[in-house]
Amino acid sequence: MLIAKVLRGILFAALLVGITVDASEQFSGSNLATPAGQSAASAASPQADGLRIVDAAGDTLVYVDGATVTGEIEVAHGDTTESLTVWFKTATDSLFQPDEPSEFMILSNISDTSTAKFASYDSTNFSFSVIGVEEGHADFTIGLFQDDTTDYSSPLLEIHVVEEEHAEAEGLRIVDAMGDTLVWVDGLTVTGEIEVEHEETTDLLTVWFVTATDSLFQPDEPSEFWMIGTIADTTVAQFASFDSANF
């Protein structure tokens, strides 16, 4: 009887040891469970499902959700955009950037470089800028590379190069060398005049155009500025000089 009890005790202890060993193997680090369909490595690396391109103010210019693209990059002819930043997004709308900057790159060139070109590209900060070469539209894509494989490739994104913006003139000022206004034109209302003595010549007078909000400007391109008409009676007065570069 005593021998039987001892044997049962030894057997029970052995079973406890076996259960303890099995449990330690089941919950070891190499056997930790990951979500279905994902490896431990993929669970730690976000999967891009779209992207956002944002400007320096944080406003979203382009939003890509799966295959749907909303927005475009707009730049005036001859201008360059500010630095634009790319954020990739997951299927749950979480934004991320790769931990390794070298994994990020533009997948393809702009489709029509006669319309737009990349002015800069900074892979460290996931940013780029675009210069508008000619009015029109051009496509490009952005992708995410990892270990020489494509983790994500965007649908076609659009760059729209628009006509260079010009201020609209609603009036003008004619000022002398001292900066005093001789003539002020506000819409159809003219105040002042150019006064000159007989057989004398005025000093050089400068023209500033005025917008509807009273902002003064001169055309960016001097060649775009010229006198439309002539003096009505050249027996009374004539233009002695005209400097289109300095208006």
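When peptides 47-53, 116-122 are sorted by average Cβ neighbour count within 10 Å, with the highest value leading, the order is 47-53, 116-122.
First check a/c for the stretch 163-203, with a ≥ b ≥ c the square roots of the eigenvalues of its C-alpha gyration tensor; if it is under 1.5, answer rounded, and if not, answer prolate when a/b is larger than b/c or oblate otherwise. Note, shape of the stretch 163-203 comes out prolate. Could you tell me the calculated FRET efficiency between Phe247 and Glu158, based on Cβ-Cβ distance and R0 = 51 angstrom, to the nearest 0.05? Plugging the Cβ-Cβ distance into 1/(1 + (r/R0)^6) gives 0.85.
Length gained on full extension, Ala232 to Phe96: 42.2 nm, using 0.36 nm per residue less the C-alpha separation. Stretched out straight at 0.36 nm per residue, the stretch from Tyr121 to Asp65 would grow longer than its current Cα-Cα span by 17.8 nm.
Coordinate-derived values only; no laboratory data. This structure is a prediction, so every number in the text was calculated from the model and none was measured. So basically every Cβ, Gly included, is an ideal-geometry build from the backbone, and we count neighbours across all protein chains shown.
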